[in-house]
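A.B. asks: Below is a structure I'd like to ask you about.
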Amino acid sequence: MKAAGILALIGCLITGAESKVYTRCKLAKIFARAGLDNYMGFSLGNWICMAYYESHYNTTAQTVLDDGSIDYGIFQINSFTWCRQAKQQEKNHCHVACSALITDDLTDAILCAKKIIKETQGMNYWQGWKKHCEGRELSDWKKGCEVS
Ligand SMILES: *[C@@H]1O[C@H](CO)[C@@H](O)[C@H](O)[C@H]1NC(C)=O
């Protein structure tokens with residue numbers, strides 16, 4: 001019992017250091033609670049579909065681009081325009097550290113995504129969305145989740 005407890009604890013510590021990958025429905029609930037459903041006219045399905053193709057729901061996803069900038073987190077938000085990296089002075093339109101966009105707490109990432117969709121007039125910022133989600137029937141993305 002004791003040994004099992006210690007093993008479980010070690011397991012937790014290791015898992016804690018790893019990335020967090022949300023399930024589709026957990027994300028649907030978080031998005032709905034944060035007011036993303038129909039935000040700027042984009043239904044919940046758009047957001048879930050977009051997050052899937054951008055990050056596969058991986059909150060710690062990071063992609064280094066050719067220009068040296070980095071896409072961060074579940075929405076793959078780029079450091080050049082939207083957040084602040086430690087080493088250089090970027091535009092930082094979201095007034096947030098890029099590191100805050102790769103935490104389990106999605107509050108900052110969602111606020112920034114709302115800013116992007118407002119400033120860029122839609123979801124075209126996200127290539128994964130354009131390619132796989134735009135103009136499609138997206139209600140299946142929230143199917144089986146307890147969201148209205
Ligand atoms: C999530 O992204 C991180 C950083 O890119 C990566 O190390 C990790 O393996 C990914 N997790 C999964 C489950 O794909």
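A.B. asks: If a helix is a whole DSSP H run, which ones in the chain reach 20 Å or further along their own axis (Cα) and hold a mean Kyte-Doolittle hydropathy of at least 1.0?
C.D. replies: Helices meeting the span and hydropathy rule in the chain are 2-17.
A.B. asks: How far apart, in nm, are the 7 Å Cα→Cβ label points at R136 and A97?
C.D. replies: 3.6
A.B. asks: Among 64-70, 142-148, how do they line up from the highest to the lowest mean number of other beta-carbon atoms within 10 Å?
C.D. replies: Ranking the peptides 64-70, 142-148 by packing returns 142-148, 64-70.
A.B. asks: Now for a different question. Please compute the modelled spin-label separation between T107 and T63, points set 7 Å along Cα→Cβ, answer in nm with one decimal.
C.D. replies: 2.8
A.B. asks: A further question follows. Would you please give the residues with an amide H less than 5 Å from that of I77, counting only those at least 5 places away or on a separate chain, with H modeled from the backbone geometry?
C.D. replies: Y72
A.B. asks: Listing S55, S139, S19 from the residue with the fewest other Cβ atoms within 10 Å to the one with the most, what is the order?
C.D. replies: S139, S19, S55
Each reported figure results from applying straightforward, stated rules to the coordinates on display, with no laboratory input. This is a predicted model, so every value here is computed, not measured. So basically every Cβ, Gly included, is an ideal-geometry build from the backbone, and we count neighbours across all protein chains shown.
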